[in-house]
Each structure stands twice: as C-alpha cells, then as structure tokens.
1. Out of the residues in the stretch 356-373 that are among the charged types (D, E, K, R) and surrounded by 11 or more Cβ atoms within 10 Å (Cβ to Cβ), which is farthest from D440 (Cα to Cα)?
2. Filter the stretch 39-96 for residues that are acidic (D, E) and in a helix (DSSP H, G or I); which is surrounded by the most Cβ atoms within 10 Å (Cβ to Cβ)?
3. Which residue is farthest from G40 (Cα to Cα), if the candidates are limited to the stretch 408-433 and must be in a helix (DSSP H, G or I) and out of contact with any strand residue (DSSP E or B) (no Cβ under 8 Å at 6 or more places or on another chain)?
4. Failed condition for I201, given (1) assigned to a loop (DSSP other than H, G, I, E, B); (2) under 26 Å from the mean Cα position of the chain (by Cα); (3) surrounded by fewer than 20 Cβ atoms within 10 Å (Cβ to Cβ), with all others met?
5. Do you know which residues across the stretch 374-386 are within 27 Å of the chain's Cα centre (by Cα) and either among the hydroxyl-bearing types (S, T, Y) or surrounded by fewer than 19 Cβ atoms within 10 Å (Cβ to Cβ) (or both)?
6. Would you confirm, using the coordinates I've provided, whether R342 is among the charged types (D, E, K, R), more than 30 Å from V11 (Cα to Cα), at pLDDT 95 or above and touching a Leu at 6+ places or on another chain (Cβ under 8 Å)?
7. So P224 clears everything in (1) under 20 Å from the mean Cα position of the chain (by Cα); (2) touching a residue at least 60 places away in the same chain (Cβ under 8 Å); (3) surrounded by fewer than 21 Cβ atoms within 10 Å (Cβ to Cβ) except one condition, right? Which one?
8. Could we say that D114 is farther than 19 Å from N177 by Cα and either touching a residue at least 40 places away in the same chain (Cβ under 8 Å) or out of contact with any Leu (no Cβ under 8 Å at 6 or more places or on another chain) (or both) here?
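The values are calculated or read from the model by the stated rules, or taken from the named source; none is laboratory data. Keep in mind it's a predicted model, so treat the numbers as computed, not measured. Neighbour counts run over all protein chains shown; Cβ positions are idealised from the backbone, glycine included.
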Amino acid sequence: MNANARMEQIVGLCKRRGFLFQSSDIYGGIQGFWDYGPLGVELKRNVREAWWRDMITLHDELGIPAGAPQSFSMVGVESSIIMHPQVWKVSGHYDLFHDFMVDCRECKARFRADHVKSSECPIKPSKHPGEHDKCQLTAPREFNLMFKTIAGALSGEEGTVFLRPETAQGMFVNFKNVCDSSRVKVPFGIAQIGKSFRNEITPRNFTFRSREFEQMEMEFFCHPSESRAWYEYWRDRRYNWYLTHGIKSDNLILRDHTQEELAHYSVGTADVEYAFPFLDAGEYGELEGIAHRGDFDLRSHMEGKLVRQNNELVVEKGEGDAPKYRGSGKDLSYFDDQSRERFIPHVIEPAAGADRATLAFLCEAFHEDEQPDEKGAMQKRTVLKLHPRLAPIKAAIFPLIKKEGMPETAAAIYRDLKSAGIACIYDQQAAIGRRYRRQDEIGTPYCLTIDGDTATDQCVTLRDRDSLEQVRVPIKDIVDEISRRLRA
Ligand code: ATP
C-alpha cells in the first residue's frame, strides 16, 4: 500500500470509529482545527497520562533514575493561556515568532516560503507553486504566528493580548513562585500540559500541523556546569519514552540539530522524529524537541529581551539606552545553601506535542492482516496494535449467546472492571468473530468471552489482540489479570 493510501485509511478509520473529526464538521470544517471523538479523547487522555506518569506521578526523587547524573524533583503547574503581553515581548515571540509566507495572486493559496518546494500547486497538483504558467507568487512576506485577542473593555494596543504559542513561558514566569512555595532544590523540573495556538500559514497533514494543539513541556533547571550531562540524559530518556509506548526504532530517529539550525540562544537541540506515512520514504516529522536553552529564559525575564552580539547574550536596546522590552526586574537567580553559591540556573527543555504523539501512535498501530473466522474462512482484519496502556478501551466483554445466564455473568464482570477503573465495553450484538473485529479495529487489547462452560468452571476466555492467544481465566481473577497485563 502506498503512503498516501495508508494515510487515507488511517484518517478514514479515525472518522468512522470516532477518534477524530474536523472541527465544526457540519459547517464544512475550519482549517487547522480538530475535534477528538469518544475514542480519540480517551486515547489522547492516555497519551497525556503516560507522559505525566513518567514525568511526575511515578518520579521517585529519593532514587537516581537510570542514566541520570543525580536525583532530582519534578513538579507540575497549569498556567493560564493568556499571559501578560510583556511575557511575549521579552521572550522574543512578539518580534521573532513569524514565518515567511508566499501568496499566489492567481489561485489565492498561501504557502510557507520554506515549504513551497514540498507543496502542491492547487491548479495542477503534479507541480509545485510557481511552476505553472498561471502562478503569480508574491515575494515572501512576514507573518506573526501568534493569535491576538482583546482582554477587558479596552480596545487597541492597550487591551491586546495573545493566545500562548507555547506552554513553556508559564513555567519560566513561575520559577520563583515554585521555588518559594515548595521545597524543590536545583536540579528540578516543572512540567505542564496544555493548549497552545499558532496561526500556522499552511496547517496540513491531519493533526500534525494544527492551529490549536496541545503541548507537553518540561523545563528542567540545573547548575550550568552540569547542564550538558542533563541535556544528554533528557534527550535519551525522551527518545526512549516513545519506544516503550510502542513506536518501533525503525520509524523513530533522534536527530541533533546542526549549528545553523540552532536557535540563537541554544547550546544544543535534538529532535525526536517519526516516519509519518504522509512523508516520503527517508523523511521524518518532528514529535518533540529537546533543547539546551542555557540561562536565556530566566535572564530575559529578569533583564529584558536578549539578543546575541559577538557570541554573547545582551539586552536589546530600544530608544536611547533603555531595554527595548523590559524584563520583570525580579531576581530569578538561585542560592544553593550547600555550596553557598548564587547562580542563574540553566534550562533543558523537552517540548512534545500531545496531538503529534497521538497521531504517531495511531499511525504506528495501524495494521491490516487476515485471520480465520469461526468457520475457518480467511477474513481481512484491520487492527490497531496500540500499547495496552494507550488503548482507549482495555477490555470488551462478550456473552457468547443472549441466554442461559451468560448476559448476567458478563454484566457482573463488566461492572467489576468498571469499578476497578478499567475502561471496558459490553457487546452482545452479532457473531463473536464480528465482535472481535470491531474491537481489533479500535485497538482493544483484551476480549473476554462468557460461554457455555462458564457456568460450570467459573472461567472465561481471554483473547489477546496481537498474539490471538486464548486462555481460560477464573472469573474471580479477571480484574487482577487485566490490571497485571496493563502494568506490564
Ligand atoms: P515545527 O518545526 O514542526 O513547526 P516547532 O519546532 O516550531 O515545530 P516547537 O516550538 O519545538 O515546534 O514545539 C514543540 C512541539 O509542539 C513540537 O515538537 C510539536 O510536537 C508540537 N507542535 C508545534 N507546532 C505544532 C502544530 N502547529 N500542530 C501540532 N503540534 C505542534
């Protein structure tokens, strides 16, 4: 199957089974915005939960995680989407967060200047924009990606605020609050999951490039002399997170940025990239960037917007000698009471996208094969081989027939699983083979069938989605057995 056909099948499955819909679908949709349906919302919650579990819930600050230079603390925050406008001036987003766009006067389409060579001409898709006789491309023009809105009754510049284009600034501006209010000591990390907004010029490739999306970001504050070791630690750990949640290493790369690609403040950056099916063979799309940001962010929020001059970061000057954009003037340095040293911590930032990760897990999980039905005839099957912890539904419970007490036993098992917090489905419609296929298509890892022997042996058949292995499990052990498999 070619890459585009595969992607079309994934998109089709997402709509048919309620993973993802176009936003405002009944009005024809709105470009760059997506809605998660009943199964998609569960899948994305599980992706977020897997990230939060790894970063915060299961983080053990009394021990040293494998490969880490030392023990550390991790805490979370949830900051507001609209922040003080000065935050974006000082961070550089107000002046620098833009793309160059090119318009076609003929067909009115708009392209990112750096994407023209990989885009299709809307008049003749086999050509790139600018290659058709009728194309009339403008020169590249700057376009700020931040969405503006108005807070309060003031109009004009005074009331203008921005929807955040990243969650990271919410952690930097709360660095002092977190240090003052909790017992964290450097090194430590502050993590956050939340919506970000970018007025992308050409949103495309399903949810990969959207205008409203969710980020999972963490800012890790450490001593400057240890920052390189922490950068390497987080870079490797974040890459491995995708592997342990089901992405195959053949489809995932960790790519170090070249010197030219590095942001002006960055000492080093690596991207975790996935071979999405909508890309050509050998191409990868970014899932997450892990950046060594030095003291750029904390210093900016202290002193004002920084620029690099002669390889040094200095406050950018505006009128006269005053900073172009003033920082908060608050002291964001850190005092280490053991070494008696005061310093501005360096920052390592793993910045991931919840929607891109969800899309990568869906693409990786999508498989088609053939399996024998009850009569031994081969049937085509679509199966989402999602990691059991990410699967929206963990177990489906089927009474083989709608009589002889089977529905009652099945309902009791369904309720036991539900009260143990395990997402499950009860299904008594259609032949058992069809019920299995319905669950395979949405990635349910375990199906439990209550049959004629259940009343005598008090066991049910547990079928594994991937190995298709079937084992008998005593009813009394089912909750433990499913929980054990989900923990594995
Ligand atoms: P790109 O180069 O693809 O535009 P970026 O380098 O600007 O991405 P970052 O600013 O590093 O992205 O954001 C961190 C993460 O947020 C990205 O790795 C990605 O997973 C997610 N992300 C960024 N922009 C979008 C978007 N428009 N739609 C969906 N996810 C996004």
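1. Ranking the candidates gives R356 first.
2. Keep residues of the stretch 39-96 that are acidic (D, E), which gives 42, 49, 54, 60-61, 78, 95.
Adding the requirement that they be in a helix (DSSP H, G or I) leaves 42, 49, 54, 95.
Values: E42: 20, E49: 14, D54: 18, D95: 15.
Going through the qualifying residues, I end up with E42.
3. Let us first name the residues in the stretch 408-433 that are in a helix (DSSP H, G or I), namely 408-419, 432-433.
Remaining after also requiring out of contact with any strand residue (DSSP E or B) (no Cβ under 8 Å at 6 or more places or on another chain): 408, 412, 415-416, 419.
Details: E408: 30, A412: 27, R415: 23, D416: 24, S419: 22 Å.
If we take residues in the stretch 408-433 being in a helix (DSSP H, G or I) and out of contact with any strand residue (DSSP E or B) (no Cβ under 8 Å at 6 or more places or on another chain), then E408 is farthest from G40 (Cα to Cα).
4. All conditions pass for I201, except number (3).
5. Taking the stretch 374-386 and keeping what is within 27 Å of the chain's Cα centre (by Cα), we get 382-386.
Answer for the stretch 374-386, where residues must be within 27 Å of the chain's Cα centre (by Cα) and either among the hydroxyl-bearing types (S, T, Y) or surrounded by fewer than 19 Cβ atoms within 10 Å (Cβ to Cβ) (or both): T382, K385.
6. Details: among the charged types (D, E, K, R): yes; more than 30 Å from V11 (Cα to Cα): yes; at pLDDT 95 or above: yes; touching a Leu at 6+ places or on another chain (Cβ under 8 Å): no.
Judged against the criteria, R342 is not a match.
7. (1)
8. Working: farther than 19 Å from N177 by Cα: yes; either touching a residue at least 40 places away in the same chain (Cβ under 8 Å) or out of contact with any Leu (no Cβ under 8 Å at 6 or more places or on another chain) (or both): yes.
In short, yes.
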